[in-house]
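This report refers to the structure that appears directly beneath it.
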Amino acid sequence: MGQGPRSPHKVGRRFPAGGKRGRGAKGSGRPLPGRKRQPWPPPDGRSEPAPDSHPHLSPEALGYFRRALSALKEAPETGEERDLMVHNIMKEVETQALALSTNRAGSEMLQELLGFSPLKPLCRVWAALRSNLLTVACHRCGVHVLQSALLQLPRLLGSAAEEEEEEDGKDGPTETLEELVLGLAAEVCDDFLVYCGDTHGSFVVRTLLQVLGGTILESERARPRGSQSSEAQKTPAQECKPADFEVPETFLNRLQDLSSSFLKDIAVFITDKISSFCLQVALQVLHRKLPQFCAHLCNAVIGYLSTRSSSVDGSPLLLFLRDQTSSRLLEQVLLVLEPPRLQSLFEEHLQGQLQTLAAHPIANFPLQRLLDAVTTPELLSPVFEELSPVLEAVLAQGHPGVVIALVGACRRVGAYQAKVLQLLLEAFHCAEPSSRQAACVPLFATLMAYEVYYGLTEEEGAVPAEHQVRQGRVFWGWAHPPGLLVALGDVTVLGLGALTGPQLLSLAQSPAGSHVLDAILTSPSVTRKLRRRVLQNLKGQYVALACSRHGSRVLDAIWSGAALRARKEIAAELGEQNQELIRDPFGHHVARNVALTTFLKRREAWEQQQGAVAKRRRALNSILED
């Protein structure tokens with residue numbers, strides 16, 4: 001490491017990018033699910049209906065609903081005509097609800113129609129499906145219809161629509177929406193293991209838990225459905241946050257009753273892959289809405305695992321941290337535990353084992369969640385002392401997520417930040433001589449040691465006179481998001497000033513790198529001097545930035561924070577290639593944002609306009625600071 005003692009790993013190696021969590025993700029240590037799940041046998045000796053027993057949806061009916069949905073989309077958003085159209089369509093849906101739900105094309109259209117439906121028609125469709133609830137919930141198409149119906153509750157529950165449509169109640173169901181949801185929860189609770197253990201039925205349970213708790217989690221909102229609006233579908237997953245809405249007290253009571261069912265068969269929900277997902281969602285919802293019951297459920301999980309056969313090298317919990325199914329559940333447990341309980345869990349089961357967990361292809365993921373949950377110096381101190389000596393080894397094993405999570409914990413708690421940066425410089429062999437430290441940004445981004453990145457042999461340790469872009473390869477072509485740069489944040493910002501124009505351009509043009517550069521340049525801690533240095537290095541690259549899908553976003557961010565002098569320089573450089581920008585699909589947006597035509601033809605008016613914009617920005621910043 002630098003000029004100091006070397007790690008046992010070969011100097012100059014390229015660190016593997018690390019695995020992504022997910023089904024069969026490369027390097028994740030979790031194989032693709034190859035076995036076909038056997039469905040849970042129905043209770044009380046009931047047999048599930050054969051696939052062919054579902055009512056058939058005729059081509060004529062399918063065509064009608066397709067035309068009706070198309071007409072509904074084209075109709076005005078409000079008005080008596082639209083209301084009548086929705087009412088008539090939902091009347092037809094009610095008569096063929098089961099056939100639509102179990103038909104692939106029909107279920108997709110029904111999901112969209114539910115998004116348009118007022119309260120009473122939706123309740124009637126719900127009531128029509130209820131007599132075949134198990135069939136629909138465990139059907140590969142029907143499950144999405146039930147989920148979409150449940151996800152309409154934030155829109156309809158507690159709204160004035162129920163009172164406004166009382167006049168329509170004579171031909172509607174006798175039950176209210178609240179009663180229908182509680183009835184669905186009661187039926188699911190009666191056959192809890194059946195629903196949770198079924199590949200499709202478990203999705204209904206997960207959505208029901210969220211609706212009862214009045215919170216829609218990120219994972220649910222990030223999954224576009226036909227019943228969602230077009231704006232919701234455009235929302236990137238990373239921008240989605242849990243959506244809370246008001247629910248009646250009866251929902252929270254039913255949520256607690258439903259969650260108690262996990263305790264009756266805790267072993268199944270810990271060891272069965274599909275059922276475990278339901279318990280994971282329950283923990284997330286309970287953590288937000290019923291934290292005391294969440295803690296009770298976490299203690300039940302930890303207590304059960306702690307009483308299993310002892311591990312050869314420590315707590316029985318260590319065995320389950322290495323298991324594909326139970327490790328995922330333990331990840332969620334670690335994220336929702338309160339700090340005192342997390343501290344005691346670490347001391348009783350994990351202390352002294354972190355290096356082993358960091359090296360394991362599966363257990364390193366629960367370790368990352370432990371680090372994500374660290375919020376106190378008392379827990380960070382022993383964790384850091386245990387992991388800090390092996391950062392290079394962990395990177396070499398292809399588990400950069402552990403290092404990223406440790407850096408994030410240091411930044412969050414506000415401790416060990418300087419020390420962890422020094423350790424990273426040593427791990428990437430750029431700590432000594434000190435002139436190498438200027439190269440840390442590309443090394444951290446590409447997960448390459450200094451010698452590999454610059455093509456040096458160990459004997460050729462001299463620092464190159466000038467840091468250059470490597471020829472013949474894509475500079476920022478990493479196979480993972482540059483989370484290390486994000487976690488370090490402002491600590492590595494000084495390294496940007498050492499990058500050349502082509503290096504900054506390559507960074508800005510990559511999907512992940514553009515986010516890093518954008519976040520760093522818009523950080524309030526970045527000084528004007530550093531921003532000017534970066535802009536100086538980018539001179540000559542603005543046209544290439546503007547004509548890039550990701551680079552144009554970075555240029556927009558630079559423009560937003562640039563002073564009038566810098567804006568003149570950017571506009572002047574872009575103006576030299578005005579026609580090229582106008583023809584480019586991304587460049588013409590930049591030209592419009594910069595008001596390039598005005599700059600070229602009416603410079604004085606352009607300067608007055610930009611001066612007014614700068615004045616408004618200063619006034620806004622002053623208000624925000626106050």
Q) Quick one: ranking 567, 104 by accessible area, 1.4 Å probe, largest first, what do you get? A) 104, 567
Q: Enter the accessible area of residue 447 (Å², nearest 10), with the probe set to 1.4 Å and all protein chains included.
A: 0 Å²
Q: Determine the order of 206, 288, 532 by accessible area, beginning with the largest, at a probe radius of 1.4 Å.
A: 532, 288, 206
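Of the cross-linked pairs 419/529; 539/568; 91/120; 264/289, which ones have a Cα-Cα span greater than 20 Å in the structure shown?
As for pairs spanning more than 20 Å Cα to Cα, those are 419/529; 264/289.
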Q.
Quick check: Cα centre of the stretch 287-346 to Cα centre of the stretch 379-439, how many Å?
A. 27 Å
Q. Given a 1.4 Å probe and the protein chains all in place, what does the accessible area of residue 588 round to, in Å² to the nearest 10?
A. 70 Å²
Q) Given the protein chains as shown and a 1.4 Å probe, how many square angstrom of residue 323 are accessible, to the nearest 10? A) 70 Å²
Q | 3J(HN,Hα) from dihedral phi, the stretch 586-598, Karplus parametrisation 6.51/-1.76/1.60, rounded to Hz, x for glycine, proline | A | 9, x, 5, 5, 5, 4, 5, 5, 7, 6, 5, 4, 5
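The values are calculated or read from the model by the stated rules, or taken from the named source; none is laboratory data. From a predicted model like this one, the values you see are computed outputs, not experimental measurements. With ligands, DNA and RNA removed, areas are computed over all heavy atoms of the protein, side chains included. Shrake-Rupley method; radii C 1.70, N 1.55, O 1.52, S 1.80 Å.
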